[in-house]
Amino acid sequence: MTRRQRLIGLVSLIVATVVFIVPFVFILFMAVKSKSEAALFTFTWPTEWFFVENLIEVVKARNYMLLLAYFNSTVITVGAVALLIVFGAMVGYILQRRPSGWNKVIYACVLMGLMVPPAVVPTIWVLQGLNLFKTLTGMVLIHVAYGLAFSVLLYRSFIGTIPRELDEAARIDGAKPLQIFFKVILPLLKPVTVTLIVVQSIAIFNDFTNALYYLPGKENVTVQLTLFNFQSQFRSQFNLLFMNILLVTIPPLLVFIFFNRQIVAGMTSGAVKG
Amino acid sequence: MAQKRASPYPYWFVLPSAVVFITLFLVPTLVSFWFSLTRWDLFTAEYIGLDNYRQFFKEPFLVQGLINTLIYAVTTSGAKTVLGLLLAVLLTSGIWMQSFLRSVVFFPVLVSTIGVGITFTVLMHPTKGSINIALSYLGIDGPTWLADPALALYSVAFIDVWKGVGLATLIYIAGLAAISPDYYEAARIDGATRLQQFWRVTVPLVRPATVTVITLSLIGGLRSFDVIWATTRGGPGFASDVLASVIYKQYQAGFYGLSTAGNVILFLLIAVIVIPMTAWFQKRELDL
């Protein structure tokens with residue numbers, strides 16, 4: 001490494017720290033300050049740390065609403081991601097293994113799914129007709145509908161790298177189509193599956209807009225909605241508001257630390273092919 | 001009749017996906033064209049022709065929302081493309097702490113938009129916010145950011161770029177990695193300066209990544225809702241309203257037909273911009 005590279009690195013590090021890290025340090029400082037100190041909005045070291053006190057108070061707020069929100073968000077995320085994996089892999093499998101005139105139709109749907117903004121009020125109308133409006137099941141299925149396109153694309157290209165001979169061998173051994181898929185193919189798709197789990201669970205956990213439209217009501221509150229609602233409730237208690245922000249930032253941070261490689265793979269997949 | 005042997009790849013594998021996608025995505029999209037022509041309360045719909053669209057293009061604040069959507073999408077997409085490329089070049093040049101810096105730039109992409117929005121509303125507070133206090137140390141009298149009608153939309157766009165530039169950078173890093181070092185070698189032998197190498201080698205050869213970044217960020221920008229809703233809620237007044245926030249406001253007010261018309265307009269806007277753009281990019285691809 002030349003001196004020049006080291007110098008540019010140092011300067012970039014300082015700029016990046018100010019631009020990209022300071023806001024997160026700010027969140028941390030605000031979250032542990034006392035109510036009156038947080039109200040000053042200053043970027044200063046907390047004079048006293050009220051980490052545990054603020055944490056307990058946020059969790060207790062509105063009759064433990066945050067715990068309910070974490071529970072709901074977890075149910076939605078796990079349910080939707082599980083279905084996205086199985087459904088997406090099945091479509092990708094058929095697309096790759098059994099090309100037909102239908103492929104064009106499916107690709108058109110994938111393209112629409114990536115591009116077209118969902119028609120919100122008509123979707124609410126459909127959900128109401130199916131008795132799924134304001135239900136966790138409805139929310140899960142919405143995320144499946146909106147996430148399928150990405151899931152199918154990701155799986156389709158990877159299934160191309162799995163030799164057909166494996167399917168044939170399983171078939172000769174007497175395996176039924178479902179057995180071939182679940183026992184032979186799906187386990188081999190693990191790298192894509194991990195990527196998909198990581199990328200989609202972050203997206204669904206962070207989803208705000210869809211929950212705002214399709215899941216109103218106190219009993220169904222999700223993590224992002226809680227945060228949004230607390231914005232008005234905690235107007236005078238910024239320490240608690242920021243403790244809440246800190247709490248929703250930690251899960252993606254942990255995922256990022258452990259699954260950095262998969263995230264990068266997922267976010268750039270297909271991107272460079274144009 | 002001889003029974004045909006069943007394929008090991010039965011079409012019904014597509015069925016679960018098709019059912020969910022058709023009922024919750026395609027059907028709503030198709031019926032939205034009809035409901036946008038009605039006065040609608042979710043139970044009864046009364047056909048009123050193009051009245052909703054007329055209203056959309058007559059009300060100044062709705063027209064403003066449409067214009068703002070375009071400004072917002074172009075600004076954020078442009079900034080993400082340019083900054084993303086520059087950051088990617090910097091972060092592939094073998095500088096000190098390179099992989100740490102990549103993580104730092106990328107991390108905001110994964111964080112809750114609502115959390116980021118609230119944090120920046122506090123940082124951008126006109127008098128107490130850290131940004132203006134920092135500027136005052138430099139002797140600059142900072143603007144009121146989100147509270148200034150002329151600036152609010154751009155302040156939100158700035159937050160959006162801060163949060164999203166990491167994804168553009170990541171895509172560009174992958175694109176740069178695909179360029180063979182031979183090209184740079186050849187350019188160096190021919191005596192090209194670093195700047196010439198950037199314009200004559202990097203920019204043309206990283207084109208596929210550019211196409212992806214522009215397309216993704218433009219679609220995202222046109223549909224953008226949560227950053228705006230977490231910061232200004234379209235305010236002050238209607239200064240930072242975009243189509244997505246107009247759709248939500250009309251929905252909240254109970255004007256379901258009008259809200260749906262907004263949705264159709266957003267759909268058409270994306271189609272009118274993105275489809276010709278993609279076609280143009282592909283044509284250029286063939287010309288090269």
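The values are calculated or read from the model by the stated rules, or taken from the named source; none is laboratory data. The structure presented is a predicted model; accordingly, all values stated were derived computationally and were not measured. Don't worry about glycine lacking a Cβ; one is built from the backbone with ideal geometry, like all the others, and counts go over all protein chains shown.
The set of residues in the stretch B:254-272 that are out of contact with any strand residue (DSSP E or B) (no Cβ under 9 Å at 6 or more places or on another chain), of a type outside the set (S, T, N, Q) and either within 10 Å of chain A (Cβ to nearest Cβ) or in a helix (DSSP H, G or I) (or both) comprises B:Ala261, B:Gly262, B:Val264, B:Ile265, B:Leu266, B:Phe267, B:Leu268, B:Leu269, B:Ile270, B:Ala271, B:Val272.
Sub-6 Å Cβ pairs linking a first residue in the stretch B:124-149 that is among the β-branched types (Val, Ile, Thr) to a second residue that is part of a loop (DSSP other than H, G, I, E, B), at least 6 apart or interchain, are B:Ile131/B:Met124; B:Thr144/B:Pro126, ordered by first then second residue.
Here the stretch B:72-98 is the region considered, the condition is being free of Cβ contacts under 8 Å to residues at least 60 places away in the same chain and within 9 Å of chain A (Cβ to nearest Cβ), and the residue that is surrounded by the fewest Cβ atoms within 10 Å (Cβ to Cβ) is B:Gly94. Within the stretch A:162-193, being touching a residue at least 24 places away in the same chain (Cβ under 8 Å) and either of a type outside the set (A, V, I, L, M, F, W, C) or closer than 20 Å to A:Ile250 by Cα (or both) holds for A:Arg164, A:Asp167, A:Pro191, A:Thr193. Checking each residue in the stretch A:44-56 for being within 15 Å of A:Ile245 (Cβ to Cβ) and buried (at least 16 other Cβ atoms within 10 Å of the Cβ) picks out A:Asn54, A:Leu55. Contact annotation: residue pairs with Cβ atoms under 6 Å, 6 or more positions apart or on different chains, pairing a residue in the stretch A:121-132 that is facing chain B (nearest Cβ under 7 Å) and surrounded by 22 or more Cβ atoms within 10 Å (Cβ to Cβ) with a partner that is in a helix (DSSP H, G or I) and of a type in the set (A, V, I, L, M, F, W, C), are A:Pro122/B:Val31; A:Pro122/B:Phe35. Within the stretch A:98-114, the set of residues being surrounded by fewer than 18 Cβ atoms within 10 Å (Cβ to Cβ) and either under 18 Å from A:Glu168 (Cα atoms) or under 25 Å from the mean Cα position of the chain (by Cα) (or both) comprises A:Arg98, A:Pro99, A:Tyr107, A:Ala108, A:Leu111, A:Met112, A:Leu114.
Identify all residues within the stretch A:220-245 that are modelled with pLDDT of 90 or more and not in a helix (DSSP H, G or I); write none if there are none. Matches in the stretch A:220-245: A:Val221, A:Thr222.
Here B:Val89 fulfils each of the conditions (1) more than 28 Å from the chain's Cα centre (by Cα); (2) closer than 18 Å to A:Phe20 by Cβ; (3) among the hydrophobic types (A, V, I, L, M, F, W, C) apart from (1). B:Ser240 satisfies every condition listed in (1) small (Gly, Ala, Ser); (2) in a helix (DSSP H, G or I); (3) in contact with a Lys or Arg (Cβ under 9 Å, 6 or more places away or on another chain) except (2). The residue that is modelled with the highest pLDDT, among those in the stretch A:252-274 that are under 21 Å from A:Ser151 (Cβ atoms) and more than 8 Å from chain B (Cβ to nearest Cβ), is A:Phe259.
Mind checking which residues of the stretch A:122-154 are of a type in the set (Phe, Trp, Tyr) and under 30 Å from A:Gly266 (Cα atoms)? Even if it seems obvious, please write down each step before you answer.
Keep residues of the stretch A:122-154 that are of a type in the set (Phe, Trp, Tyr), which gives A:125, A:133, A:146, A:150.
The answer is A:Tyr146, A:Phe150.
The residues listed here are B:Val227, B:Val201, B:Val246; of these, the one that is out of contact with any Asp or Glu (no Cβ under 9 Å at 6 or more places or on another chain) and closer than 21 Å to A:Tyr214 by Cα is B:Val246.
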